[in-house]
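The values are calculated or read from the model by the stated rules, or taken from the named source; none is laboratory data. Since we're looking at a predicted model, the values are computed, not measured. We place every Cβ from the backbone using ideal geometry, glycine too, and count neighbours over all the protein chains shown. These area figures cover heavy atoms from the full protein model, side chains too; ligands, DNA and RNA do not enter into them. Shrake-Rupley method; radii C 1.70, N 1.55, O 1.52, S 1.80 Å.
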Amino acid sequence: MNINYEWIKFYEAAILETNSEALPHRIETAQNAIGQLITLAVGEAVRRAIVKALNALGTLKRERRTQYVCDQCLDSHEPVNPSNGQTFLAKTGTGEIVVTLNARCVNAWADANSFQALVPLRRSHACGARMT
């Protein structure tokens, strides 16, 4: 494969990635591969393709947010967001944990876990923020 076009396989891998956890690494790999072309003399058509690819990767990086999965049902097809669930601070006998739950799973999680209090987190921490 011509070195000028080697970056395309990394670009395609990033664009087609469906795993939100792997996506940032794919984007970074593609951007690094494209960045190596800066030292090479490329034609105008390749330069335009590179600019478009970098713009698309930048947009993907900004717009693709982490999807939070319910800690009870682990349903990755319905990510938790403010309209269908919430993030809670669960106080247990040994400390505190943060759990993200779909609204339909709150009672099931409560029945399956031992805790003293389940407190909704403020909006700034909602849907997936993990506290240490």
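If the condition is being charged (D, E, K, R) and within 22 Å of His77 (Cα to Cα), then segment 6-53 contributes Glu17, Glu21, Arg26. Each residue in segment 61-76 was checked for being of a type in the set (Asp, Glu) and either modelled with pLDDT of 85 or more or loosely packed, with under 13 Cβ neighbours inside 10 Å (or both), and 2 of them qualify.
Residue by residue, here is whether (1) modelled with pLDDT under 90; (2) open to solvent by less than 50 Å² (accessible area, probe 1.4 Å); (3) part of a helix (DSSP H, G or I) holds:
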{"residue": "Glu21", "(1), (2), (3)": "yes, no, no"}
{"residue": "Ala30", "(1), (2), (3)": "no, yes, yes"}
{"residue": "Lys52", "(1), (2), (3)": "no, no, yes"}
{"residue": "Glu78", "(1), (2), (3)": "yes, no, no"}
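Of all the numbered requirements in (1) in a helix (DSSP H, G or I); (2) surrounded by 13 or more Cβ atoms within 10 Å (Cβ to Cβ); (3) not basic (Lys, Arg), Val42 misses one, and that requirement is (1). Total residues in segment 48-60 satisfying the condition of being closer than 13 Å to Ile8 by Cα and in contact with a helix residue (DSSP H, G or I) (Cβ under 9 Å, 6 or more places away or on another chain): the figure is 6. Filtering segment 67-101 to residues that are in contact with a Pro (Cβ under 9 Å, 6 or more places away or on another chain) and of a type in the set (S, T, N, Q) leaves Gln67, Gln86, Thr87.
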